[in-house]
Amino acid sequence: MSATDEFIARCVATVATDQEPAATREVVEQALRDQSVAKELSLDAGVRVLHGGEDLTILHVVMPERPVGAGNPVPHNHCMWALIGVTHGSEHNRFFRRAADTIESSSEQVIEAGEVLVMDADAIHAVKNPSTNRCSSALHVYGGDLIGAAKTMWCEADLSELPFDFLRVIGS
Ligand SMILES: [Fe+2]
């Protein structure tokens, strides 16, 4: 069994007994410490589904270097808890809170290789690779069926809430 398959199996077993992210976080932290999964992952840009199930979704997200002057990434939600474990480079997260009919920025956080970020089910974030000369690679783990969930995003000049559009979010 590859290290990645073993990692997936451990995450699946964890959510089967605990719907909260704490135990899954430990699995992700262990994977980052021993780097066995990272060694098996490609650094080619893209979003790859490592596991898709009712209780758990695991993505491998590689974001290319971000050109100087690139626009802001699209804020979105997941409608379930989420863990991001960075294996290479870093990810910049800006967090938002709902305000009347739109959202407003509330905080930001950069997570570096080896670090894990946990987001609650009601979190709204926009994520980007902050580097202009290095790609980012991360395991994104979600406590449910991310692909089937009724997620939303906030775009356009007025940051109005719209149904989630994968290509628009990934392309931002
Ligand atoms: Fe996200």
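Going by the conditions given, is Asp158 in a loop (DSSP other than H, G, I, E, B), more than 15 Å from the ligand (Cβ to nearest atom), on the phi < 0 side of the Ramachandran plot and not β-branched (Val, Ile, Thr)? In short, yes.
Every test in (1) under 13 Å from the mean Cα position of the chain (by Cα); (2) within 11 Å of the ligand (Cβ to nearest atom); (3) charged (D, E, K, R); (4) over 25 Å from Ala38 (Cβ atoms) is passed by Asp120 save one, and that test is (2). Taken as a whole, the condition of being away from the ligand (no atom under 14 Å from the Cβ) and at pLDDT below 95 does not apply to Gly89. Among the conditions (1) away from the ligand (no atom under 15 Å from the Cβ); (2) under 17 Å from Ser136 (Cβ atoms); (3) among the charged types (D, E, K, R), Arg94 misses just one, which is (1). Candidates in segment 145-155 are the residues that are within 13 Å of the ligand (Cβ to nearest atom) and either among the acidic types (Asp, Glu) or part of a loop (DSSP other than H, G, I, E, B) (or both); of these, the one that is nearest to Ser105 (Cα to Cα) is Lys151.
The values are calculated or read from the model by the stated rules, or taken from the named source; none is laboratory data. As the structure is a prediction and not an experimental result, all values here were calculated from the model. Neighbour counts run over all protein chains shown; Cβ positions are idealised from the backbone, glycine included.
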